[in-house]
Each structure stands twice: as structure tokens, then as C-alpha cells.
Amino acid sequence: MTNHSFPVTKNTNPLLPTFNMDEIAFGKNFTDHMLVADYENGEWKNVVIKPFAPLALDPSSAVLHYGQTIFEGIKAFKNEKGEVVIFRPDQNFIRFNTSAERMQMPAVPEWLFMGGMKQLIQLESGWVPNKPDCSLYIRPFMIATDPFLGVRPSVTYKFMIILGPSGAYFSAPMKIAIEKKYTRATPGGVGFAKNGGNYGASLYPVSLAQKNGYDQVLWTDAIEHKYVEEVGMMNVMFVIDGKVITPSLERGTVLKGVTRNSCIILLRDMGYEVEERNLSVAEIVDAHKKGVFQEVFGVGTAAVVSYISRLADDDYVMDFDVNALKVAPALKKRLNDIRMGNLPDTHHWLEKI
Ligand SMILES: *Cc1c(COP(=O)(O)O)cnc(C)c1O
């Protein structure tokens, strides 16, 4: 990778000096600068870092009508020594271009994605909270910008990176309904890509579950609604009879989570047997009836490990005492300890700025 240094226009009215790091809300606060690049005539150009500000887009921009848009979510941390590290950004870089290919968008080269991200974070290092479990959330994304209402791949795009401080993400244990009518992803579809439409399409079924007192849904496969896939926007793990089971990626309907992969590796380090395979709702209910269904939890960059206190298969309700969980809290602690530099980074997951 050649080393690029992109031109910077400094924000002359920065928020950082007066920003209260004790009041950060996920996804609402953004740093003083952003990276913007244009794709025109088959190449990426005009890469600049400039003050965070609204965009001017033509109302006919393709992204606003046909949803050619993809994103990533990554976190950077400040460890005890004050060093800023990014967690496995190479994996997000690969996945971003996998999403781009599926959405008929151009690949973003490493010098732009990784080089731009590092330079931006270096500039904004004062925004990386240095408190336990706090982080800087990194949101790279790409949008189609052709001012044209015909349905065809855009020939112009914008790639951008915005950043926001993120607090110790406390989420109350979730109540989850197993979803057997609506689908998140279908074989041959776009479930493996982080494209905008997947998330818009999930809002309605989730709102129905919320009317019934649940927080989120556990998605099942689109064909038979028999096998579990993901929980909300997270990958899902089950502990049954001491073994950890997580849905496999084979059908292309489960997003290839970086946290999922990291958790599988750490769980094996911790001595757990981990199976990646199809897991049916019937098997889960059966395990619960036998008293061997011990834990279920979500894993993803935003919340890391999210506990689940209730899982319902229609009228059959399975409750979990979150204070008695063993695997999920131990896993969460291990992952956090590695990210904060309290445990050695034996898998080389931290990229120093
Ligand atoms: C982003 C995402 C995940 C989690 O992936 P991470 O790389 O661990 O953040 C899981 N499922 C869906 C649908 C996602 O969009």
C-alpha cells in the first residue's frame, strides 16, 4: 500500500474543545471532520478531509431512489497507554468491497479506505474516548450520485467516512420474538451485504414485535421459516448443553460479522466447542424442554455482546436469568480486554494508528 496523505481543510469552529464526553449518545454525535472522495470516469479522485457538514445532492441522485448504498461499522479504542487502535479494519475493508460488488458499485481501493480512515482518525484522535468500553465509531459508506432516474448502475459515486464517539453501550437484556412470517434475507438475495435497503426492510416486522412487548426479532430462513439466522442486526449464538452453536454462512443469508468471527475464535481459545451449522427452532425448543438450552445472545460491533432474557416461539416462551449467564459475560470481557489492551493481542486484531 502506497502512503497517501490527503489534503485537509481544518474545521475553524470545532466542537471538540467544549464537547462533554460524559454525554455521548451512539449515532448522534459526530466529530469535526469527515473524509469525502468522488468516483468519476472510472477512478477515485478529489479525496479530501474537511469540516463535517451536510451534503448537497441533486434530488434525482440514484441513491435517493433505488438504494445503491452500502456501509460499514468499525470501532477504534484508546488503550491505557493512550494509543489509538482500530479493531480488525482489514475485515471491514474486504466486506465493504463484497457489498459493493453485489450492489454493482465500484470497489474502493485500500489506499482510500484504510489510508483515509487512518488519516482521519489521526486528525480526530482527541475524539477517541479513553474510558473503559468507550470507543470511536467509524462509519465508512458509499452512495450512488448520478442525477438520473433511469434504473441502471450509477457511474458516479461518493465514498465517505464519518466518525462519532460512542459510550459504554449499555443495552438492557433483550426480549426476542422468533419471526416466521417476514424475512430479512433470502438465498440469492443481498443478506450478506451491508446495503441500506436491508435495514429499511427490517423496520416493519420489528415494529410489530415491539407492539407485542418484544425488543427485536430472531430472523428465520426465508424458505421454511425453520432455521434461525440472525437477531435484529446482529449475529446470534446459542449455548446448548455446554456447546456454542451459531448459524453457518453458507446460504448467504447471514451477514459475515467480524464480531461473530472474533467470538468463535475466542470461545475456542476459552475451551468451548463451537459449531457453525443450521440450527432449527424445533431443536432449540427441544433443548429447552430437556433443560439444556443455557444461553442465547447477539454479537456485533455496536453492542459487542447483547444478552437475551426472553425468547418466544409464538406462545412458547423461554426465559433466561441474565445474572446466571456464564459464556456471554466471559466472552464480552475477553473481547473488551483485548480491545483495551488489558490482554495480549495474540490474534493481531488491533491496528495501531
Ligand atoms: C453489521 C451486521 C452484523 C454484525 O457484524 P459486525 O462485523 O460484527 O459488526 C450482523 N448482522 C447484520 C445484519 C449486520 O448488518
Residues of the stretch 183-206 being away from the ligand (no atom under 12 Å from the Cβ), of a type in the set (Phe, Trp, Tyr) and under 19 Å from Glu250 (Cβ atoms), in sequence order, are none
Being outside any strand (DSSP E or B) and either assigned by TED's automatic domain parsing to the domain that holds Met117 or more than 21 Å from the chain's Cα centre (by Cα) (or both) narrows Leu331, Leu335, Leu343 down to just Leu343
Given the conditions (1) assigned to a helix (DSSP H, G or I); (2) over 24 Å from the mean Cα position of the chain (by Cα), every one holds for Met318 apart from (1)
* To do: Could you tell me whether the stretch 65-79 includes any residue that is more than 16 Å from the ligand (Cβ to nearest atom) and either out of contact with any strand residue (DSSP E or B) (no Cβ under 8 Å at 6 or more places or on another chain) or assigned to a helix (DSSP H, G or I) (or both)?
  => yes
With criteria (1) aliphatic (A, V, I, L, M); (2) in contact with a helix residue (DSSP H, G or I) (Cβ under 8 Å, 6 or more places away or on another chain); (3) over 18 Å from Gln122 (Cβ atoms); (4) crowded, with 17+ Cβ neighbours inside 10 Å, Ile24 comes up short on (2)
Note on the stretch 221-252: residues more than 18 Å from Ser202 (Cβ to Cβ), within 14 Å of the ligand (Cβ to nearest atom) and either crowded, with 21+ Cβ neighbours inside 10 Å or not assigned by TED's automatic domain parsing to the domain that holds Ala328 (or both) are Met237, Thr246
Those residues of the stretch 97-111 which are under 20 Å from the mean Cα position of the chain (by Cα) and either part of a helix (DSSP H, G or I) or not assigned by TED's automatic domain parsing to the domain that holds Gly73 (or both) amount to Asn97, Thr98, Ser99, Ala100, Glu101, Arg102, Glu110
- Does Asn29 satisfy the condition of being part of a loop (DSSP other than H, G, I, E, B), surrounded by 12 or more Cβ atoms within 10 Å (Cβ to Cβ) and outside the structural domain of Gly126 (by TED's automatic domain parsing)? no
The residue from Ala312, Ala302 that alone is surrounded by 17 or more Cβ atoms within 10 Å (Cβ to Cβ) and in a loop (DSSP other than H, G, I, E, B) is Ala302
* Asked: Is there a residue being of a type in the set (Gly, Ala, Ser) and surrounded by fewer than 10 Cβ atoms within 10 Å (Cβ to Cβ) anywhere in the stretch 5-12?
  -> yes
Residue set Ala201, Ala209, Ala168; condition in contact (Cβ under 8 Å) with a residue 12 or more places away in the chain and either surrounded by 19 or more Cβ atoms within 10 Å (Cβ to Cβ) or over 22 Å from Gly257 (Cβ atoms) (or both); output residue Ala209
Given (1) more than 12 Å from the ligand (Cβ to nearest atom); (2) crowded, with 19+ Cβ neighbours inside 10 Å; (3) part of a strand (DSSP E or B), Glu275 misses just (2)
Among residues of the stretch 253-272 being within 16 Å of the ligand (Cβ to nearest atom) and assigned to a loop (DSSP other than H, G, I, E, B), the residue nearest to Asp337 (Cα to Cα) is Gly257
When every residue in the stretch 80-101 that is over 24 Å from Ala168 (Cα atoms), in contact (Cβ under 8 Å) with a residue 60 or more places away in the chain and buried (at least 17 other Cβ atoms within 10 Å of the Cβ) is compared, the one nearest to the ligand (Cβ to nearest atom) is Arg95
Residues of the stretch 181-196 being over 15 Å from the mean Cα position of the chain (by Cα) and under 13 Å from Met103 (Cβ atoms), in sequence order, are Gly189, Val190
Only one of Asn342, Asn336 is at pLDDT below 95, of a type in the set (S, T, N, Q) and more than 15 Å from the ligand (Cβ to nearest atom), namely Asn342
### Message
With the structure loaded, tell me whether Pro14 is over 24 Å from Ala168 (Cβ atoms) and without any contact (Cβ under 8 Å) to a residue 40 or more places away in the chain or whether it fails that test.
### Response
yes
Scanning the stretch 250-309 for residues that are within 10 Å of Met234 (Cα to Cα), among the small types (Gly, Ala, Ser) and touching a helix residue (DSSP H, G or I) at 6+ places or on another chain (Cβ under 7 Å) gives Gly300
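The values are calculated or read from the model by the stated rules, or taken from the named source; none is laboratory data. Model, not experiment: these values are computed from the prediction. All Cβ positions, glycine included, derive from the backbone under ideal geometry; neighbour counts span all protein chains shown.
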